[in-house]
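Here is the structure we will look at.
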Amino acid sequence: MSPLSAHELTQQRLADVTGIDESAVSHGQSVKSVYVYEAPVRIWHWINALAITVLAITGYFIGVPLPTMPGEASENYLMGYIRFAHFTAGYILAVGLAGRAYWAIVGNHHARELFWVPLFQKAYWREVFTMLKWYAFLIPQPGRYVGHNPLARLAMFSGFLALMIFMIVTGFALYGEGTQPGSWAHTLFTTWVIPLFGQSQDVHTWHRMGMWAIIIFVILHVYAAIREDIMGRQSIVSTMISGRRTFKD
């Protein structure tokens, strides 16, 4: 074994003391990252997730109230608090979506992916089917995408955005019943949404079915994000925290 040079001996002693191996660092693989999601998009995402959680839990109990409460009725306001939390989260969801639409105009091009899909491009649909095969474990690895992958983009547009608009419209229509004629909610939503569906109970039923559709979407969304983080070629969950997309290869 050839003796170490003075430089190599110095590096070895430095590694022993500090735990930093300069040679290993110099030969290590660099991590590439791209700034994708701006701060307003990330903040909206997590506030939106919290609002949806509150809406789902409180909405369930509004549709299926607790059978009884101990004590006098005048001493219990639990359902009132549940309804207040539901209405507050609904306002946050609606205002947040309006703010998100504004940021799609003034933000970077990744902020606009939620609001449109290139449906008439053959290359886009080829990538959608490639991602379907990836999620079905039929191909060894997917492509690399800076923004949403094509399948996720389609799911966010049709399974999230359209559903959120439906829930906001039907939700404010039901809310307008309680605020009575003359209120903004009754004027803008209740007057035409309930006649469109036939009656108030029909709107309740469709609104509740929308809640279960959102729950299914959230389960699939969380599964796909975690699966992609583990098996895919780019970061997913951490990107919605830091805003930067990192690539494994």
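Structure summary
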| read-out | value |
| --- | --- |
| Pairs with Cβ under 6 Å, 6+ apart, first in the stretch 38-58 and free of Cβ contacts under 8 Å to residues at least 40 places away in the same chain, second assigned to a helix (DSSP H, G or I) and surrounded by 14 or more Cβ atoms within 10 Å (Cβ to Cβ) | 54/85; 54/89; 58/82; 58/85; 58/86 |
| Residue satisfying all of: in the stretch 124-182; of a type in the set (A, V, I, L, M) and out of contact with any helix residue (DSSP H, G or I) (no Cβ under 9 Å at 6 or more places or on another chain); farthest from residue 228 (Cα to Cα) among these | 162 |
| Single residue of 155, 89, 111 found to be within 30 Å of residue 178 (Cβ to Cβ) and among the small types (Gly, Ala, Ser) | 89 |
| Index of the failed condition, residue 74 passing every other in (1) loosely packed, with under 11 Cβ neighbours inside 10 Å; (2) assigned to a loop (DSSP other than H, G, I, E, B) | (2) |
| Verdict on residue 151 being surrounded by fewer than 18 Cβ atoms within 10 Å (Cβ to Cβ), at pLDDT below 95 and aliphatic (A, V, I, L, M) | no |
| Selection status of residue 187, out of contact with any Cys (no Cβ under 8 Å at 6 or more places or on another chain), among the polar types (S, T, N, Q), surrounded by fewer than 15 Cβ atoms within 10 Å (Cβ to Cβ) and under 24 Å from residue 215 (Cα atoms) | no |
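The values are calculated or read from the model by the stated rules, or taken from the named source; none is laboratory data. On a predicted model such as this, the values are computed, not experimentally measured, just so you know. Virtual Cβ from ideal backbone geometry, glycine too; neighbours counted across all protein chains shown.
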